[in-house]
Amino acid sequence: MINDTLAFLSLSEFAVTCQIGAGSEFKGILDSPMDVIAGGVALSREYLLTAKTSDVSSAARGTSITVDSAAYTVRENRPVDDGLFSELLLSKD
């Protein structure tokens, strides 16, 4: 099952370099969708990083993380489906 899941993730095509604090670098996929809020009056941008859970298991709320040379802070770390991957909800510093 794990090998099947990894086959769908092409890190070489979509991933950027990430680093939690002074830890080791790893690859992750950053998505930043725009959401309409306040009854359609305002827009809000979310920052969502998808990475292997083994690479981001230490990322708790308030942890500093660098994604593609930009500074972010972790707001939430949540597992995806079977837990092989995690999504980090980030705020841009």
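Of the accessible area of the chain, computed with a 1.4 Å probe over protein heavy atoms only, carbon and sulfur atoms account for 50 percent.
When Val16, Val41 are compared by accessible area of protein heavy atoms, the largest-first order is Val41, Val16, using a 1.4 Å probe. Surface exposure of the chain, expressed per residue as accessible area with a 1.4 Å probe, stands at 63 Å². Computed from point charges on the beta carbon alone (+1 for Lys and Arg, -1 for Asp and Glu), the dipole magnitude for the chain about its Cα centre is near 280 Debye. For Thr63, the amide hydrogen comes within under 5 Å of the amide hydrogens of Val74, counting only partners 5 or more places away or on other chains and with H modelled in the peptide plane. The chain has equivalent-ellipsoid semi-axes of 23, 17, 13 Å, by the square roots of 5 times the alpha carbon gyration tensor eigenvalues, sorted largest first.
The values are calculated or read from the model by the stated rules, or taken from the named source; none is laboratory data. All values reported here derive from a predicted model rather than from experimental measurement. Don't worry about glycine lacking a Cβ; one is built from the backbone with ideal geometry, like all the others, and counts go over all protein chains shown. Quick note on the areas: whole protein, heavy atoms, side chains included, nothing else; ligands and nucleic acids left out. Shrake-Rupley method; radii C 1.70, N 1.55, O 1.52, S 1.80 Å.
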